[in-house]
Amino acid sequence: MEYTELEVWKEARILVNTIYQISKLFPKEEMYGLTSQIRRSAVSVPSNIAEGCGRRTSADTIQFLHIARGSLYELETQLYLAVDQNYLEKDEFRPLLNQILKCKKLINGFIKYYKNN
């Protein structure tokens, strides 16, 4: 199966697109600060899933899936900081957290799959 057909990769792309839409509303002075960091963390998730799928061994794939999962935790923390700074409203925050949780669960399932094969 091609990585572009994986539900985990598709859900990560949805997350990235939502992050880009929401972060456009952040203050301009954050363009090279929190906005940039949030976007990089989000982009890292589907990118590392794709790179992991391109690796030859399960161990390599699992390593990149762990990196993708770590980026989700990093992104989650950055979004909490955005709420703390009043760049993000709580009603915008909750759906993002739900999408992050969905991606975490899918990545965890994918890691288990690779560990069992």
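Laboratory data are not the source of any read-out in this text; all were calculated from the coordinates shown. All values derive from a computational prediction rather than experimental measurement. Cβ coordinates were reconstructed from backbone atoms using ideal geometry, including for glycine residues, and neighbour counts include every protein chain displayed.
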How far apart, in nm, are two points set 7 Å out from the Cα along the Cα-to-Cβ line at LYS112 and at ILE67? 2.5
Contour minus Cα-Cα span, GLU29 to LEU101, at 0.36 nm per residue, comes to 23.0 nm
Between the alpha carbon centres of the range 22-94 and the range 96-117 the gap in Å comes to 15
Testing the spin-label approximation: label points 7 Å from Cα along Cα→Cβ at ARG55 and ASP84. State their distance in nm. 3.2
Lysine pairs in the chain 8 or more apart or on different chains: how many have alpha carbons under 19 angstrom apart? 10
Evaluate the charge dipole of the chain about its Cα centre and quote only its size in Debye, nearest 20, assuming +1 on the Cβ of each Lys and Arg and -1 on the Cβ of each Asp and Glu. 340
Sticking with the crude label model, points 7 Å out along Cα→Cβ, report the distance from GLN21 to THR77 in nm, one decimal please. 2.8
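Which order do peptides 86-96, 40-50, 2-12 fall in by mean Cβ count within 10 Å, highest first?
In decreasing order of mean packing, 86-96, 40-50, 2-12 become 40-50, 2-12, 86-96.
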